[in-house]
Structure formats: structure tokens, C-alpha cells
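Throughout, read-outs are computed from the coordinates displayed, never taken from laboratory work. Small disclaimer: the values here were computed from a predicted structure and weren't measured. We place every Cβ from the backbone using ideal geometry, glycine too, and count neighbours over all the protein chains shown.
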Amino acid sequence: MANRLPSLDALRFFDVTARYMSFTLAASELCVSQSAVSQKIRLLEEQLGYPLFQRLTRSLTLTKKGLRLLPVVRRALVDIEAELELLADENESFSLKIHTPASISSNWLIPRLADFGRRGANIDIELVVDILAKKFTDELNDVAIIHNPAGSQNEHYELLMADYIYPVATREVIQQYSLYNVSDLKNAPLLHDSARGGQLHTSWDAWFGKRKLRNQSTINSLSLNQANMIMSAAAEGAGVGLVRHCLAGPLVKSGELIPLFNDIEPDGGIYIECSHKAYQVPEIQTFWKWMVKQARIYNKVHAFSNLELFRAYEKHTSHK
């Protein structure tokens, strides 16, 4: 029976003809000639082996088998048409690749992605950890969250949040090592960033150098190769960390980490970036606008001025 299954086109001709009971009217709807409709129905009947229409002098009527077949064909055509419309309305999911430093990914982006998913944007996300900044070519599904873009004319970028570097410690560490002046750091264990060249790298030597001081720490130090690990170690009381506000803001706001010495050093910012071509893609713009909104919320909650940082430090060292 499978080899006798009529074509969908032939069944559609049968349905339209049965609706009008006229080859001429059916031909008008199907945008073909009357003879084409008549021939299509005749070929269908030959394939099935029985007539579907009884041809009278000036009209058509359905045969008994035609009457049985018509509702089955009509339901099938309606179901097929409805499903095709649904499929046409369903956009295939867009695959978005996000290049980001590991610390930004784990501490900032991942906790917020659930909100993006709930918005039903039909965008699949792939996170790619990049130690160095992503170099774009013509990828139409790539964006990057980076620290200080190079400013290429082929790239589109926007500032998400200004960034700052400052030393932090827990209240216990401040008290244990009497950290009331920069010179007191020589008595405290320092947490070093060993990922030289990384986007979020911080350097104690450079920090001391900008203040025309020499790193005189005499306590055993700890080196880690990710910015978020330094922040976590500082929060656990392992020593004094030189951190970035884009990561440490929430811990400073909560008081788990305390900025030291009223010393905050501006250091560029965190940007979202893609190629100019990619920025024209609607899905990229959807993610872009969401990121800017999330950054605006973060900045509003965790923004600090120099005075606020000093007060946070002063609050925990006023006993000296």
C-alpha cells in the first residue's frame, strides 16, 4: 500500500475540488487550468483504483469512497498546514559565544545568566575563558567581556563599569598585623597574582612602584594565578590582596573585605566588545542591551567613592 500512497499535491487538488464540486472553481483557487485539475484528479483515481467523483452533465458529486476519504484528507491537510505554520514561526536558537576572563565569568557573569535565560531570547550561550583579550575577525556570533579594549576601528565596544585597584584584608588580618599605614605591609603576608599578562592581573611591585616605595614584605607570601582566587583567599584571611573592584565590590560592600589606607587606583574598566558586523545581528544586540542593564544595576549597588572606601577602612581601624 505504501507504493500507492498519493502525493500531497494530488490530495490537495482532491480537497479543493470536493469543496467546490467544480473543476473550474477549483482551478481558480489553485491558479491552474481547469484541464489541469481534471487531469490531476483522474490520475489520482487511477492510482487509487476507484473513482472519487461521479461526473454528471453539469456538476460533480462524491462517490461513497470519495465521501469516506475526504474528511481524512481534510484533517491531515489541516494538521500539516498548522504544523508548518508553527515551524515557520519558530526561530532556530542562536549560538552566542562569549569570551571572558575566568574571574569575570565565575564571579560576575554566570550568576546573572539565569536572568537572561528567563527572558526567552532563544539564544544558546557558550562561555569561552580567555586569558588574553579576544581578537575578532568577522565572527557574527562572538562577543567579549574584556578589560580595557585595544580600540581597533573594526570593533564595537561599550563601557560596562569603571574599574579600580586597591588593597584589601579582613578585619582580623588588619588587627593581627596592625595595618594602619602602607609601611605596615612589610609585616603582612601578601597575596600575589602569578598570571602575568592576564587581563585582570595585579602586581604588588607595580603598586608599590607607583607610590615610589619598595616592596619590603618579609612574611611568606602566597601566589595564585586567578584574580578571583586572590579575592577568595583574602576573604579567608590568608593575607592582603590587591584586588579589582569589578570583582571585589560585593565583598567590600558587605564588609567581608575592607579597603586599606584610603588608597584606590583607577584602572580602566570592563567593556563589552564585538566586531561591527556582529553588532548588527539582532541576537547580539539583545544580549548587549541586557549586559549594559546588568552593569548599570551593579554600578548602582556597588559604586564607591574614595570617601566611602576610606570610611569603610576607618570604621574597622578606629580602635588604634
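Looking at Val78, Val72, Val32, Val16, can you tell me which residue is without any contact (Cβ under 8 Å) to a residue 24 or more places away in the chain, over 30 Å from Val281 (Cβ atoms) and not in a helix (DSSP H, G or I)?
Values: Val78 fails: not in a helix (DSSP H, G or I); Val72 fails: not in a helix (DSSP H, G or I); Val16 fails: not in a helix (DSSP H, G or I).
Sole residue among the options that is without any contact (Cβ under 8 Å) to a residue 24 or more places away in the chain, over 30 Å from Val281 (Cβ atoms) and not in a helix (DSSP H, G or I): Val32.
Here is a list: Arg68, Arg74, Arg42. Which entry is of a type in the set (Lys, Arg) and loosely packed, with under 13 Cβ neighbours inside 10 Å?
Unique residue meeting the criteria: Arg68.
Return only the number of the condition from (1) of a type in the set (A, V, I, L, M); (2) touching an Asp or Glu at 6+ places or on another chain (Cβ under 6 Å); (3) in a loop (DSSP other than H, G, I, E, B) that Ile165 does not satisfy.
(3)
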